[in-house]
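Structure first, commentary second.
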Amino acid sequence: MADTAFHSARQRYADLGVDVDAALSRLAGISISLHCWQGDDVTGFESSSQSLGGGIAVTGSYPGKARNPAELREDLDKALSLIPGSHRLNLHASYGEFGGVKVDRDQIDVSHFAGWIDWARSRRMGLDFNPTFFSHPLAADGFTIAHSDDGIRGFWVRHGQICRKIGAAMGAALGSPTVTNVWIPDGYKDTPVDRLAPRRRLEDSLDRIFAEPLSPAHNLDAVEPKLFGLGSESYVVGSHEFYLGYAIRRGKLMCLDAGHYHPTETIADKLTSVLMSVDRVLLHVSRGVRWDSDHVVTLNEELLAISHELVRNDLLGRVHIGMDYFDASINRVAAWVIGARNVLKSLLIALLEPTERLRQVELNRDLTARLAILEECKSLPWGAVWDEYCRRQSTPVGQSWLDEVRAYEQLVLSKR
């Protein structure tokens, strides 16, 4: 029955000039960077008493969250087994293995991540990395590398410098460049008087963090803007305009986070514009709901629009795709699986589009045909192709992955 559905779908796409097997081959070559912080609610492993702060908040208390690196890796292994394809892991600096010893952020080094490197190597996957500029006493007032206090700013600059070196060491060890992404919470809750001075300090701090040349074969630097955040509702130092200009001037990756813009904006429209001026983009796939930016990714119109932009404009080779959300109200392993499978589904739908036919009718100014074909594409049997992809990748088809998560919940998560 499954073969019949797939073969029927493949023929229907072939009638439109779409090579289904080529689309599946391209999809298999796309790696998504799973975010470690979904597994433990962004707590990290610096201390058992660590609490969130610096513009980060997680809601929910679903049982079974990871309490240490071993449990987090166990959960990631389960999630990865349910997501078709070969993928990556995105780590924050607060997820090192410190052996119960207090190690401040400006004193960490690659040895604290040796376990993660070994784990990734054994699974033939790459790692990405992030300095952790939040949940720390020196970030309590909402400022880090744009701080007016030189001592506090210097502390966070050293942290950023160290994290780049750790990222490069990861990339060298694993044979795949690490994307080391800088996001800071710096900003004001209410209207500031001086918007310029913090941005000048931010630029200076970033220049100091990025001063040491590192091989792009090992490390790629990215900078991440935000429209507003918790405690920075009125002013964010690292705005979209600031970081876009900085990325262009300094040759850095621009991070576009789907949850970091106004609810009526979509980063799909930004991709082609930004990539005219920067070489590469880091894409954080998230889902904003009202003021909050970090809901589990669903197969919605915005996600589809992003994937269509990447495929139609042949941008997949210039975009690093990662996920960024944290939901503690549902099973955390399921949250990874749902989000990642939806990203892959959206990419498959885009890869199955008769793009050349659409491009031709648009060039011919046949806008009626363009709209008609786009609408007809929405009912094409991509689901049968997705099921075949899961079978070829030896991962569960349909909702059967949820049965595995439920069993894992009973056998492992419920005992924590």
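Read-outs: derived from the displayed coordinates by stated rules, not from any lab. Predicted, not measured: the structure shown is a model, and the values here were computed from it. Positions of Cβ are generated from backbone atoms using ideal geometry, with glycine treated the same way; all protein chains shown enter the neighbour counts.
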Mean Cβ count within 10 Å, highest first, over the residues of peptides 282-291, 33-42: 33-42, 282-291
Pseudo-spin-label distance residue 358 to residue 393, built 7 Å along Cα→Cβ, given in nm, is 2.1
Can you give me the Cα centroid spacing of segment 54-79 and segment 4-47 in angstrom? 23
Sorted by chain and number, the residues with a modelled amide H under 5 Å from that of residue 179, at a separation of 5 or more or across chains, are 129, 220
What do you get for the angle between helix 382-392 and the principal long axis of the chain? Use alpha-carbon atoms, 0 to 90 degrees, nearest ten. 70
Show me, for segment 130-139, the HN-Hα J-couplings you get by feeding each phi into the Karplus relation (A = 6.51, B = -1.76, C = 1.60, θ = phi - 60°), rounded to Hz, glycine and proline as x. 9, x, 10, 9, 8, 6, 7, x, 7, 10
By its C-alpha gyration tensor, with a ≥ b ≥ c as the square roots of the eigenvalues, how is segment 1-155 shaped: rounded for a/c under 1.5, else prolate for a/b larger than b/c, else oblate? prolate
If each residue's Cβ is checked for other Cβ atoms within 10 Å, how do 415, 345 rank with the fewest at the top? 415, 345
With a Förster distance of 30 angstrom and the Cβ-Cβ distance between residue 161 and residue 414, calculated FRET efficiency to the nearest 0.05 equals 0.10
Proxy exposure order for 184, 349, 152, 330 (fewest C-beta within 10 Å first) is 330, 152, 349, 184
Per-pair calculated FRET efficiency, R0 = 25 Å: residue 312 and residue 277 via Cβ, rounded to 0.05: 0.80
Can you tell me the orientation of helix 332-351 relative to the chain, as the angle in degrees between its alpha-carbon axis and the longest Cα principal axis, to the nearest 10? 50
Residues whose modelled amide H sits under 5 Å from the amide H of residue 88, counting only those 5 or more places away in sequence or on another chain, are 32, 33, 34
Volume of the Cα convex hull of segment 64-197, divided per residue and given in Å³: 148
Kirkwood Rh, Cα atoms: Rg over Rh of the chain: 0.97
Across segment 312-410, what fraction of all alpha-carbon pairs, as a whole percent, falls in each successive 5 Å bin from zero upward? 2, 10, 16, 17, 17, 15, 10, 7, 4, 2, 1, 0
C-alpha long axis of helix 367-377 to longest principal axis of the chain, angle in °: 90
Read phi for every residue in segment 207-219 and hand back ³J(HN,Hα) as whole Hz from Karplus 6.51 cos²θ - 1.76 cosθ + 1.60, θ = phi - 60°, with x for Gly and Pro. 4, 5, 5, 8, 5, 6, x, 10, 5, x, 6, 10, 9
